[in-house]
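Engineer: Supplied in structure tokens, the structure appears directly below.
The values are calculated or read from the model by the stated rules, or taken from the named source; none is laboratory data. This is a predicted model, so every value here is computed, not measured. Glycine also receives a Cβ, built like all others from the backbone with ideal geometry; neighbour counts cover every protein chain displayed.
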Amino acid sequence: MSAKQFDVRKELLSRPNEWVGAFQLSGRWLKVGFRTDVMYPVATPYWEDSIERVMPQAFKDELDRCIPIEDVPEEERT
């Protein structure tokens with residue numbers, strides 16, 4: 001059996017205004033959420049807590065690389 005593939009887009013829509021996925025960029029983890037006030041996915045460094053404090057908009061390639069946020073290794077959550 002194969003593991004079920006993570007569908008970050010589905011998670012973004014089902015859990016708006018929460019951090020649901022993460023991806024690596026230049027060796028650092030960024031988390032991804034969906035802001036309903038602006039209606040698009042956003043990403044921010046893993047150490048930020050508030051979904052209001054975002055950096056760039058998350059793009060297709062980054063979303064395609066997302067894993068579930070709970071699967072980010074504990075030692076890399078900084």
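Engineer: Are any residues in segment 26-47 loosely packed, with under 15 Cβ neighbours inside 10 Å and in contact (Cβ under 8 Å) with a residue 24 or more places away in the chain, and if so, which ones? Give the derivation first.
Structural biologist: Step one: of segment 26-47, the residues loosely packed, with under 15 Cβ neighbours inside 10 Å are 26-28, 36-40, 45, 47.
Scanning segment 26-47 gives a single hit, Trp47.
Engineer: Any residue at all in segment 49-62 that's assigned to a strand (DSSP E or B), farther than 20 Å from Glu76 by Cβ and modelled with pLDDT under 85?
Structural biologist: Restricting attention to segment 49-62, the residues satisfying the condition of being assigned to a strand (DSSP E or B) are 57.
Remaining after also requiring farther than 20 Å from Glu76 by Cβ: 57.
Of the ones still in play, those that are also modelled with pLDDT under 85 are 57.
Yes, the conditions are met somewhere in segment 49-62.
Engineer: Turning to a different aspect of this structure: Given the structure, is Thr36 modelled with pLDDT under 90 and of a type in the set (Ser, Thr, Tyr)? Walk me through how you get there before you give the answer.
Structural biologist: Numbers: modelled with pLDDT under 90: no; of a type in the set (Ser, Thr, Tyr): yes.
Against the criterion (modelled with pLDDT under 90 and of a type in the set (Ser, Thr, Tyr)), Thr36 does not qualify.
Engineer: Out of all the residues in segment 1-17, which are within 25 Å of Glu75 (Cα to Cα) and assigned to a helix (DSSP H, G or I)?
Structural biologist: Hits for segment 1-17 are Val8, Glu11, Leu12.
Engineer: Does Ile67 satisfy the criteria of being hydrophobic (A, V, I, L, M, F, W, C), modelled with pLDDT under 85 and in contact with a Gly (Cβ under 9 Å, 6 or more places away or on another chain)? Step through it out loud before you land on a result.
Structural biologist: Numbers: hydrophobic (A, V, I, L, M, F, W, C): yes; modelled with pLDDT under 85: no; in contact with a Gly (Cβ under 9 Å, 6 or more places away or on another chain): yes.
Spelling it out, it is not the case that Ile67 is hydrophobic (A, V, I, L, M, F, W, C), modelled with pLDDT under 85 and in contact with a Gly (Cβ under 9 Å, 6 or more places away or on another chain).
Engineer: Please go through segment 18-47 and give me each residue that is in a loop (DSSP other than H, G, I, E, B) and under 12 Å from the mean Cα position of the chain (by Cα), ordered by number.
Structural biologist: Those that are in a loop (DSSP other than H, G, I, E, B) and under 12 Å from the mean Cα position of the chain (by Cα): Glu18, Tyr46.
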